[in-house]
Amino acid sequence: CAQGYWCICWTSHKLIMLSLLLILCIVNTASSNPFDGHPLFVNPDYDAELNGSIATATGQVKETLLNMQHISSAYWLDTKAKVQPGDMSPKSASGILSLAAAMNPPNLVTLIVYDLPNRDCHAKASNGEICCTPNSDGTCNYDAGGDCSQGITDYKNNYITPLAKIVSQFCGKVPIVLVIEPDSLPNLATNKADPHCGNSATTAAYSQGIPFAVNTLSQACGQATIYVDAAHGGWLGWSNNLDVFAQELQGLNISSKIRGFSTNVANYQPLGIACPQVQWCLNGQHQTDPCCADPCRLEGQYNPANNEHNYVNELSASMQKFIPGFTPYFIIDTGRNGVTNMRQDCANWCNIRGAGVGLRPSTNTSSSIIDAYLWLKTPGESDGCTQQLPNGTQCTRFDSFCGSEDSIGSQSGEPRAPVAGTWFDYQIKMLAANAHMGPSPPPSPPSPSPPAPPSPPAPSPPPSPPSGTCHACGYNCDENCNCGRCNEKPGCDSEQACLGACNSGHNAKWCGGSTPSPSPPPPPPPPAQHICTDPGTTPKCNVCAACCHSFIPPGADCDKCVKENC
């Protein structure tokens, strides 16, 4: 049997039994869902955080928060302090696994492995503690090159190796799921044009650190289930991005050690409905099909991953193209995607205003290749800080995306946001006010909440010009604007639009000039609704609900509520 599964001693007259056992073992390693039959662990530390917000909540928001106390979320091992053997606090890996082992039956624990050197190279809000080249204040110098030998050694010896010892200690006693380094491999695949990600030090850290983590943890406990993070459809959904990502994974030689991928971790991409086949909605096709609903307007950018269900199908096809015999399975983060159309720009990811808690964790998914919907990012923990912290001081880790038009704290009257990973009372009450937690859609046919109205038919993408002749907004370009594709659609013909609204995949480059023909300006956003017609989609009602810690019913005068209470 494969490592981590029951084996047997046998004599010659038990060959039939062995044959049956081997068949069972092959079935288990290939397709059995690791979440089936296991209750999910609820961290008492999360329960305590929720209690603090419940104490000041009322009405429907309070009821939703009370329900959330019984729902599992993953635990992030984002510092070396959390992986010290012998630390039994509920904020440590040992403490959590010990508590889960004491349950009857033992609860399944999902841990996020997240402490690579030069972590989060394309952002700033979640930069880590292990650096390739540290600055004098302990932050990382992302501009320095080199081989990152010091940072990689620190990661191996003081983070992964102690974690592997803990995983080994609880192997067979607790079902363990490990999610490896969110955003890291996607950054390695698509953001090499950013010198913070593409320099030799960061490249070495990611390309050596990820396989070391997978191989070491797999060796420590063959029964542990490992998923590598694959970002989301709004980042990797383009065919060229998917192919580059698959080739990066192929080069790491870890596909035999992992079950598959996590998607939408700490993001807000819509779950949606799966289409019958890949690229179903492109070129304006099937636009009346609910599976083509496109709140992030990706199809017009020739991205078929308009929702996470379609994304995993696209990613699965790409993986099997480059790694024959590898059939990946997926887990999707539904912790905060209960509302689908709350963003002006889906490139924005930080503390999104109007978001809501999504489907409860469940194995009742809409696809045989999706193992589970899970809450991987803990609902209620901040994505990143506003420029000014709640205590009035300046945030040294401020990321411009946390000041976006969609981010809490960017409008007058809203509270300041704390640093990433810190409890954000205002946000959790908003998420509860807008919650759409279930039930999960049945496998066939899926029946989620009514989809957003389908986007108007998208025009066929223009043929890419010859190499080096992209004169506007290009994707996957070198320094001379030899681009994988040029985007000449209306609304992407300025540098600001190209690098903003048209850069959901984080792979755009402005090549100057203008599109061959003038493009009309993008349509204005729909006028604000001032009477609550649907709690969760009426922006002012969302503000009022969070401000008053209560649910705002249809028909409420949102202007009056905000004026009187906020």
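The values are calculated or read from the model by the stated rules, or taken from the named source; none is laboratory data. Computed from a predicted model, the values in this text were never measured in an experiment. No Cβ is skipped: glycine too gets one built from the backbone with ideal geometry, and neighbour counts run over all protein chains shown. Protein only, heavy atoms only, side chains kept; ligands, DNA and RNA dropped before computing areas. Shrake-Rupley method; radii C 1.70, N 1.55, O 1.52, S 1.80 Å.
Classify the range 269-357 as rounded, prolate or oblate from the Cα gyration tensor: take a ≥ b ≥ c as the square roots of its eigenvalues, call it rounded if a/c is under 1.5, otherwise prolate when a/b beats b/c and oblate if not. Here the range 269-357 falls in the oblate category.
Amide H contacts of Ser262: Val228, Asp229, Ala230, Ile331, each under 5 Å away and 5 or more positions distant or on a separate chain (H built 1.01 Å from N in the peptide plane; Pro and chain starts excluded). Modelled label-to-label distance, Asn33 and Thr56, 7 Å Cα→beta-carbon offset: nm? Reported label-point gap for Asn33 and Thr56 is 3.9 nm.
Find the accessible area per residue for the range 297-340; the probe is 1.4 Å, ligands and nucleic acids are left out, and the unit is Å².
Working: 1070 Å² over 44 residues.
Here the per-residue accessible area is 24 Å².
Simple spin-label estimate for Thr216 and Thr139 gives 2.7 nm between the two label positions (7 Å along the Cα-to-Cβ direction from each Cα). Averaged per residue, the range 50-119 has 37 square angstrom of accessible surface, using a 1.4 angstrom probe with ligands and nucleic acids left out.
The modelled label-to-label distance between Lys173 and Gln344, using points 7 Å beyond Cα along the C-beta direction, is 5.3 nm. Apolar share of the accessible surface for the range 249-331: 48 percent from carbon plus sulfur atoms, 1.4 Å probe. Residues in the range 198-205 carry Karplus couplings, in order, of x, 6, 5, 5, 5, 4, 5, 4 Hz; the curve used is 6.51 cos²θ - 1.76 cosθ + 1.60 with θ = phi - 60°, and Gly or Pro positions show x.
Between rounded, prolate and oblate, where does the range 147-258 land on the alpha carbon gyration tensor, with a ≥ b ≥ c its root eigenvalues, rounded for a/c under 1.5, else prolate if a/b exceeds b/c? Oblate, because a/c is 1.5 or more while a/b does not exceed b/c. Centroid-to-centroid, using Cα positions, the range 368-440 and the range 82-154 are 21 Å apart.
Whenever you get a sec, compute what percent of the accessible area on the range 36-115 sits on carbon and sulfur atoms (1.4 Å probe).
The C+S portion of the solvent-accessible surface of the range 36-115 is 56 percent.
Mind running the shape call on the range 65-133? Use the C-alpha gyration tensor, a ≥ b ≥ c as the square roots of the eigenvalues: rounded below 1.5 for a/c, prolate if a/b tops b/c, oblate otherwise. In terms of gyration-tensor shape, oblate.
Full extension of the segment from Asp147 to Thr422, taken as 0.36 nm per residue of separation minus the current Cα-Cα distance, would add 95.7 nm. The C-alpha atoms of the range 101-168 occupy a region whose extents along the principal axes are 50, 24, 18 Å, arranged from largest to smallest. Summed over the residues of the range 148-286 and divided among them, the accessible surface reaches 31 Å² per residue at a probe radius of 1.4 Å. Under 5 Å from the amide H of Cys385 lie the amide H atoms of Asp399, Ala420, each residue being 5 or more positions distant or on a separate chain, with H modelled from the backbone and absent for Pro and chain starts. Stokes-Einstein diffusion for the range 344-387, with the hydrodynamic radius set to the Kirkwood value over Cα pairs and evaluated at 25 °C in a medium of 0.890 mPa s, equals 191 µm²/s.
Sequentially through the range 221-227, phi angles give Karplus couplings (6.51, -1.76, 1.60; θ = phi - 60°) of 7, x, 7, 5, 9, 10, 10 Hz, Gly and Pro residues having no value and appearing as x.
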